[in-house]
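Undergrad: Handing you a structure now.
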Amino acid sequence: MEVGAGSGTVTRWLADNVGDTGHVVATDIETTWLRALDAPNVQVLRHDVATDALGESVNDLICARLVLAHLPDPRAIVDKLLRALVPGGWLLVEEYDLASLLISYPPDGTWRKVAAAPGGILRMGGGDPYMGAKLTGILHAAGTADVDTEAVALPRRMPQVPSWQTQFVQFRERLIDAGLVSPAEVDKVIADFDDETCDPVIYGPTLVSARGRKP
C-alpha cells in the first residue's frame, strides 16, 4: 500500500515489482492524479489516513511519503500503519527536514530568510517542517523492529536547480501575504536562479527515509 500516493509514481514502481500475483492499493484524499493508473494489480481508494480505517494485518509493505508532516499526530498515524501490516511486514516513511534549506555557502542573509519562509507556511497550516529528523524516534517509540534511516541533501549552485526556483515562483504570493518575506527579497532569490554567475551553493531540503519492520 502507498498512503498519500499523489501522482502515483511510487505506486507504479510497486505494481511493476509485485507482478501479476501481487496487489497494490494507492490511497489519497484527492485521487485525481491517480486516475491514470490502469494497471490490473492496482486499486485506487479515496482515503484519509487520519480518520479512515486501514484494516488489521493486511499489507506486506506500506509506504507513506511526505504525509506525516501535514498531520497533527504523526505517532498515531505510524501506529495505525503498523497495525495494517502483517507480522514481519515493512513500513517506509519519508519526510523532509527543511533545516538544511537555510544553508548556503558563502552564507547569505536574504537566501536564509526566503528559504525559511516555506517552513513558516507549513507551520501556519499545522505542519512540521522538521518531521524528517523525527522519523527515527517515532518508529522506535512505536515499537518498530530493525529501524534504519538515511538522509539525502543535494548541494547545488543556484543556476543548477531551476526546479527550486519554480517552487519559489509558485509560492511567491503566499510567502509575501503571510508577512514572511518582502517582495524585493523573494524576487532577488528568484532572479539569482537565472544568474549563471551566481556562485552560492545551497543545500535544499533533506529527504529522510526511515524504515522498520512490524515485530
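Any read-out appearing in this document is the output of simple, stated calculations on the displayed coordinates, not a laboratory observation. Owing to the predicted nature of the structure, the values given are computational and were not obtained by experimental measurement. Backbone-built Cβ (ideal geometry, glycine too); neighbour counts: all protein chains shown.
Undergrad: How far is it, in nm, from the label point at ARG75 to the one at GLU56 when both lie 7 Å from their Cα along the line to the Cβ?
TA: The answer from the label model is 2.3 nm.
Undergrad: Would you calculate a helix-derived [θ] at 222 nm for the chain, using -39,500 (n - 2.57) for each DSSP H run of n ≥ 4 and dividing by the full residue count, to the nearest 500?
TA: For the chain, the value works out to -10500 deg cm²/dmol.
Undergrad: Now a separate question. Provide LYS188, LYS134, LYS214 in ascending order of the number of other Cβ atoms located within 10 Å of each residue's Cβ, fewest first.
TA: The order, fewest Cβ neighbours first, is LYS188, LYS134, LYS214.
Undergrad: Using alpha-carbon pairs under 8 Å, 6+ residues apart, how would you state the relative contact order of the chain in percent?
TA: Answer for the chain is 23 percent.
Undergrad: How long are the three semi-axes of the equivalent ellipsoid of the chain, in whole Å, if each is the root of 5 times an eigenvalue of the C-alpha gyration tensor, listed from largest down?
TA: 35, 19, 16
Undergrad: Here is a further query. How far is helix 9-18 tilted off the main Cα axis of the chain, in degrees rounded to 10, range 0 to 90?
TA: 30 degrees
Undergrad: OK, next. Going by how many other beta carbons lie within 10 Å of each one, how would you line up THR149, THR27, fewest first?
TA: Lowest to highest Cβ neighbour count: THR149, THR27.
Undergrad: How far is helix 74-83 tilted off the main Cα axis of the chain, in degrees rounded to 10, range 0 to 90?
TA: Rounded to the nearest ten degrees, it is 30.
Undergrad: Tell me, how many Å apart are the Cα centres for segment 116-166 and for segment 17-76?
TA: Their Cα centres are 20 Å away from one another.
Undergrad: What's the Cα-based Rg to Rh of segment 37-96, Rh via Kirkwood?
TA: 0.97
Undergrad: Specify the angular offset, from 0 to 90 degrees and rounded to the nearest 10, of the alpha carbon long axis of helix 109-124 from the longest principal axis of the alpha carbons in the chain.
TA: Result, in degrees: 40.
Undergrad: Between LYS113 and ASP16, what's the calculated FRET efficiency when r is the beta-carbon distance and R0 is 45 Å? Round to 0.05.
TA: 0.55
Undergrad: Based on other C-beta atoms within 10 Å, arrange THR31, THR9 from fewest to most.
TA: Least to most surrounded, the residues fall as THR9, THR31.
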